[in-house]
Amino acid sequence: FEREYPLRLQAVRQDVADGVALHVEVTPTYYVNGIKTTAPVNRETGRGGDNLPVNYLDLAIRLELKKASGK
């Protein structure tokens with residue numbers, strides 16, 4: 001740990017900065033072509049942060065792939 005920590009610290013800081021820039025509130029947080037698929041967290045209740053159900057996430061990915069292919 002003592003040897004690796006300083007070597008990894010900059011990458012961890014970059015990950016944190018990226019998460020802040022993308023408004024990531026929970027993990028995992030998924031994006032499909034730049035569209036966040038994770039519900040926002042309600043600061044008062046602490047609820048939210050849920051991801052789309054798998055079948056909806058799969059559908060969103062298929063739709064984006066279809067749009068990208070022009071079909």
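The values are calculated or read from the model by the stated rules, or taken from the named source; none is laboratory data. Quantities reported herein were computed from a predicted structural model and do not represent experimental measurements. Please note: Cβ atoms are built from the backbone with ideal geometry, for glycine as well, and neighbour counts cover all protein chains shown. The protein model used for the area step is the full one, side chains on, heavy atoms only, and it has no ligands, DNA or RNA in it. Shrake-Rupley method; radii C 1.70, N 1.55, O 1.52, S 1.80 Å.
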Translational diffusion coefficient of the chain at 25 °C, 0.890 mPa s, Stokes-Einstein with Kirkwood Rh over Cα pairs, in µm²/s as a whole number. 168
At Arg47 and Asn33, where each label point lies 7 Å from the Cα along Cα→Cβ, what is the point-to-point distance in nanometres? 3.2
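Can you give me the % of accessible surface on the chain that is carbon or sulfur? Probe 1.4 Å, all protein chains present, nothing else counted.
On the way: 3590 of 6190 Å².
Carbon with sulfur: 58 percent of the solvent-accessible area.
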In degrees, nearest 10, the alpha-carbon axis of helix 4-21 is tilted away from the dominant principal axis of the alpha carbons of the chain by 40
At most 11 other Cβ atoms within 10 Å and a DSSP loop assignment: could you name the chymotrypsin sites (Phe, Trp or Tyr not before Pro) in the chain that fit? Phe1
Taking only Cα atoms, what is the 0 to 90° angle, nearest 10, from helix 54-69's long axis to the longest principal axis of the chain? 70
Between Ala68 and Leu22, how high is the FRET efficiency from 1/(1 + (r/R0)^6) when r is the Cβ-Cβ distance and R₀ = 22 Å? Nearest 0.05. 0.55
